[in-house]
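Remarks on the structure that follows.
The values are calculated or read from the model by the stated rules, or taken from the named source; none is laboratory data. Predicted, not measured: the structure shown is a model, and the values here were computed from it. Neighbour counts run over all protein chains shown; Cβ positions are idealised from the backbone, glycine included. In case anyone asks, the SASA skips ligands and DNA or RNA and just uses the protein heavy atoms, side chains included. Shrake-Rupley method; radii C 1.70, N 1.55, O 1.52, S 1.80 Å.
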Amino acid sequence: MKIYTLHTKQNLPITIEEAWEFLSNPKNLKTITPDYMGFKTLSGDEKPMFSGQIIQYIVTPVLGIPMKWVTEITHVMDKKYFVDEQRFGPYALWHHKHFLKEIPGGVEMEDIVDYKVPMGILGQMVHPFLVKPKLNEIFNYRREKLIELFGEFQH
């Protein structure tokens, strides 16, 4: 069983309060997801984020085939971190930790995603040229969108 990790960091020139307000609101996920993914929230985004929250989405990750994705917010520490875990969806495992930290001039946002692709050895074979590049593309889009929304961090 191969578990992969995606690890990104991004600095934003905003306060920890602004970062938390935007990033912990499930309604904003659509804003930072590429349009071609066909991302739509079905339920669960009516309240501010809390542990135990179930959020249902429709997403079209590959070949234009819509899929249901159900995540649970398993851990929340206000203005510090939250964790979402897939309960149903395209991955055999999806565990996404979002960390926020105040830094001089803004906030550091760190994401650590531990994931496992489905279909055993076949999934592992397509990972390097299908799954990994797609995830990198999605997170790069998010990076650019956050810069567009909040500005470039000045060192």
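Given the residues K132, K145, which is the only one that is open to solvent by 70 Å² or more (accessible area, probe 1.4 Å) and in a helix (DSSP H, G or I)? Reasoning before the result, please.
On the way: K145 fails: open to solvent by 70 Å² or more (accessible area, probe 1.4 Å).
Selected residue: K132, the only one of K132, K145 that is open to solvent by 70 Å² or more (accessible area, probe 1.4 Å) and in a helix (DSSP H, G or I).
Restricted to the range 62-75, and to residues that are more than 15 Å from the chain's Cα centre (by Cα) and β-branched (V, I, T), which residue is least open to solvent (accessible area, probe 1.4 Å)? Full working, then the answer.
Filtering the range 62-75 for residues more than 15 Å from the chain's Cα centre (by Cα) gives 62-68.
Pick out the ones that are also β-branched (V, I, T) and you get 62, 65.
Working: V62: 60, I65: 91 Å².
The extreme case among them is V62.
Filter the range 112-130 down to the residues that are in contact (Cβ under 8 Å) with a residue 40 or more places away in the chain and either in contact with a strand residue (DSSP E or B) (Cβ under 8 Å, 6 or more places away or on another chain) or not polar (S, T, N, Q) (or both) and list them by number.
Of the residues in the range 112-130, the ones in contact (Cβ under 8 Å) with a residue 40 or more places away in the chain are 112-117, 124, 127, 130.
Listed by number, the residues that qualify are I112, V113, D114, Y115, K116, V117, H127, L130.
Residues of the range 99-129 being of a type in the set (G, A, S) and under 26 Å from L146 (Cβ atoms), which ones? Don't jump to the end; show me each part of the working.
Taking the range 99-129 and keeping what is of a type in the set (G, A, S), we get 105-106, 120, 123.
Of everything in the range 99-129, those that are of a type in the set (G, A, S) and under 26 Å from L146 (Cβ atoms) turn out to be G105, G106.
Starting from residues that are part of a strand (DSSP E or B) and within 16 Å of M67 (Cα to Cα), keep the ones in the range 87-106 and report whichever is least open to solvent (accessible area, probe 1.4 Å). Let's see the steps before the verdict.
Just the residues of the range 87-106 that are part of a strand (DSSP E or B), to begin with: 87-88, 93-103, 106.
Okay, now just the ones that are also within 16 Å of M67 (Cα to Cα), so 87-88, 93-94.
On the way: R87: 117, F88: 126, L93: 63, W94: 20 Å².
Among those residues, the one meeting the criterion is W94.
Among the residues of the range 115-126, is there at least one that is open to solvent by less than 80 Å² (accessible area, probe 1.4 Å), closer than 16 Å to K9 by Cβ and among the charged types (D, E, K, R)? Steps first, please.
Here is the first cut: in the range 115-126, the ones open to solvent by less than 80 Å² (accessible area, probe 1.4 Å) are 115-118, 120, 123-124, 126.
From what is left, the residues that are closer than 16 Å to K9 by Cβ are none.
No, that holds for no residue.
Checking H95 against (1) more than 17 Å from the chain's Cα centre (by Cα); (2) closer than 20 Å to I32 by Cα, only one condition comes out false. Which one?
Condition (1) is where H95 drops out.
All but one of (1) surrounded by 14 or more Cβ atoms within 10 Å (Cβ to Cβ); (2) of a type in the set (A, V, I, L, M); (3) over 22 Å from K116 (Cα atoms) hold for L42; state the number of the condition that does not hold.
(1)
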